[in-house]
Amino acid sequence: CCSQSGKNMEQVVVNGSASQVVVDDTNSLQKKISAIRQAGPIKLQVIADFDATLTKYWIDGCRGQSSHNLLQQEDPEYNDKRQKLFDYYHPLEFDPAIPLDEKTKLMEEWWGKTHALLIEGGLTHNAIQNSVAKATIAFRDGVTELFELLEEKGVPVLIFSAGLADIIEEVLKQKVHRSFKNVRIVSNRMVFDENGHLQSFKGKTIHVLNKNEHALDMAEPLHDHCDDVNGLGDEKSALRKRTNVLLLGDHIGDLGMSDGLDYETRISVGFLNDRVENSLESYRKAFDILYLNDASMHGVVKLASHLC
Ligand code: TMP
């Protein structure tokens, strides 16, 4: 990681495909690396977005699916209805002309209607398993290595998403084939009735525009996959004491994922997967380290091994 930060932009070749890493301010990055390294793994936590950050943006030339849009309900009518909502609301999500308060209402509306359709269609856990098995979704190369390293060092990982926690959990199960006691998911969590049908969602809906509020309040351990949920310390205050953050995201808005934390030092890593020319300037200023063109997670593994 040090050599990567020694130049403003360099080519890194991972698994034969060229991707680039950009560091806007190498001095600042070096200082942050030293500060985090000195404080040690006990003070560190990792906060990561899920879709297109932990997962690949492109898979064999096709756009990777998100936790929402991979889901296939038993009755296809519900998939069509959700797709119609997507077609209507997704452009509004990115419409710069809509004021934030209005957009927030629209996003609440979208998530509310989508969740209602999932409940009305009687989604089962079996449908989730089948959907994930058929989905175009894959973790970036190096993600398992990263989680293993962080687990070994006792560093918690918070996966933060406005998607669906149960899907993310199933993707981890099917694609990584092992559980991690240091990983927590902060996302929309389903509640099933005694017949195995989706009944409701737990707690406050997390959508794109409130994703950053109360991050730690919403953190919950991955009970099904943790041998020892206390490995993280189940106290949220334990996470709050970890005041150094390695943040991974693919949108500038993801930087807000650490807002709930009074952090001392934060290293932000961005993935600019697509239309690089349009966003390069804003992304390189926003993130301490920026990976271009759907890069692997190998650079982050190196960085993390340096930090803890
Ligand atoms: P995130 O993964 O960055 O937290 O954002 C969630 C994305 O999910 C957001 O860009 C909109 C998308 N989405 C769907 O694709 N389908 C849906 O039904 C809903 C509600 C959101």
What residue, among those in the stretch 141-161 that are outside any helix (DSSP H, G or I) and more than 12 Å from the chain's Cα centre (by Cα), is nearest to residue 127 (Cα to Cα)?
-> 141
Output the number of the condition that residue 179 fails; it satisfies all remaining conditions of (1) within 16 Å of the ligand (Cβ to nearest atom); (2) more than 15 Å from the chain's Cα centre (by Cα); (3) among the small types (Gly, Ala, Ser).
-> (1)
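Would you please name the residue that is farthest from the ligand (Cβ to nearest atom), looking only at residues in the stretch 51-109 that are acidic (Asp, Glu) and closer than 25 Å to residue 247 by Cα? Show your work before the answer.
Going through the stretch 51-109, the residues acidic (Asp, Glu) turn out to be 51, 60, 74-75, 77, 80, 87, 93, 95, 101-102, 108-109.
If we keep only those that are closer than 25 Å to residue 247 by Cα too, we end up with 51, 93.
Details: 51: 4, 93: 6 Å.
The residue in question is 93.
Output yes when any residue across the stretch 24-40 is surrounded by fewer than 14 Cβ atoms within 10 Å (Cβ to Cβ), part of a strand (DSSP E or B) and at pLDDT 50 or above, and no when none is. Let's see the steps before the verdict.
Taking the stretch 24-40 and keeping what is surrounded by fewer than 14 Cβ atoms within 10 Å (Cβ to Cβ), we get 27-28, 31, 34, 38, 40.
Applying the additional criterion that residues be part of a strand (DSSP E or B) yields none.
No, there is no match, as no residue in the stretch 24-40 is surrounded by fewer than 14 Cβ atoms within 10 Å (Cβ to Cβ), part of a strand (DSSP E or B) and at pLDDT 50 or above.
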Are any residues in the stretch 237-278 in a helix (DSSP H, G or I), closer than 24 Å to residue 55 by Cβ and away from the ligand (no atom under 15 Å from the Cβ), and if so, which ones?
-> 239, 276, 277, 278
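With the requirement that a residue be among the aliphatic types (A, V, I, L, M) and either away from the ligand (no atom under 16 Å from the Cβ) or touching an Asp or Glu at 6+ places or on another chain (Cβ under 7 Å) (or both), what does the stretch 139-163 give you?
Pass one, the stretch 139-163, residues among the aliphatic types (A, V, I, L, M): 143, 146, 149-150, 155, 157-159, 162.
Correct list: 146, 149, 150, 155.
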List every residue pair whose Cβ atoms sit under 8 Å apart, with the two residues 6 or more apart in sequence or on different chains, where the first one lies in the stretch 90-119 and is farther than 17 Å from residue 163 by Cβ and the second, anywhere, is basic (Lys, Arg) and within 13 Å of the ligand (Cβ to nearest atom).
-> 92/103; 95/103
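Evaluate the following for residue 38: is it out of contact with any Pro (no Cβ under 9 Å at 6 or more places or on another chain) and either closer than 30 Å to residue 240 by Cα or within 12 Å of the ligand (Cβ to nearest atom) (or both)? Talk me through it step by step, then tell me what you get.
On the way: out of contact with any Pro (no Cβ under 9 Å at 6 or more places or on another chain): yes; either closer than 30 Å to residue 240 by Cα or within 12 Å of the ligand (Cβ to nearest atom) (or both): yes.
Spelling it out, residue 38 is indeed out of contact with any Pro (no Cβ under 9 Å at 6 or more places or on another chain) and either closer than 30 Å to residue 240 by Cα or within 12 Å of the ligand (Cβ to nearest atom) (or both).
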Checking residue 89 against (1) assigned to a loop (DSSP other than H, G, I, E, B); (2) modelled with pLDDT of 95 or more; (3) not small (Gly, Ala, Ser), which single condition isn't satisfied?
-> (1)
Collect the residues in the stretch 114-140 that are assigned to a loop (DSSP other than H, G, I, E, B) and farther than 11 Å from residue 200 by Cα, keeping them in residue-number order.
-> 121, 135, 136, 137, 138, 140
If we ask which residues in the stretch 162-188 are in contact with a Leu (Cβ under 9 Å, 6 or more places away or on another chain), assigned to a strand (DSSP E or B) and under 14 Å from residue 48 (Cα atoms), their number turns out to be 6
Keeping to the stretch 190-201, report how many residues are more than 14 Å from residue 116 (Cβ to Cβ) and within 14 Å of the ligand (Cβ to nearest atom).
-> 0
Which residues, taken from the stretch 166-193, are free of Cβ contacts under 8 Å to residues at least 40 places away in the same chain, hydrophobic (A, V, I, L, M, F, W, C) and surrounded by fewer than 24 Cβ atoms within 10 Å (Cβ to Cβ)?
-> 176, 191
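The values are calculated or read from the model by the stated rules, or taken from the named source; none is laboratory data. It should be emphasised that the depicted structure is a prediction, and the values quoted were computed from it without experimental measurement. A quick note on method: Cβ atoms are made from the backbone with ideal geometry, for glycine too, and the neighbour counts reach across all protein chains shown.
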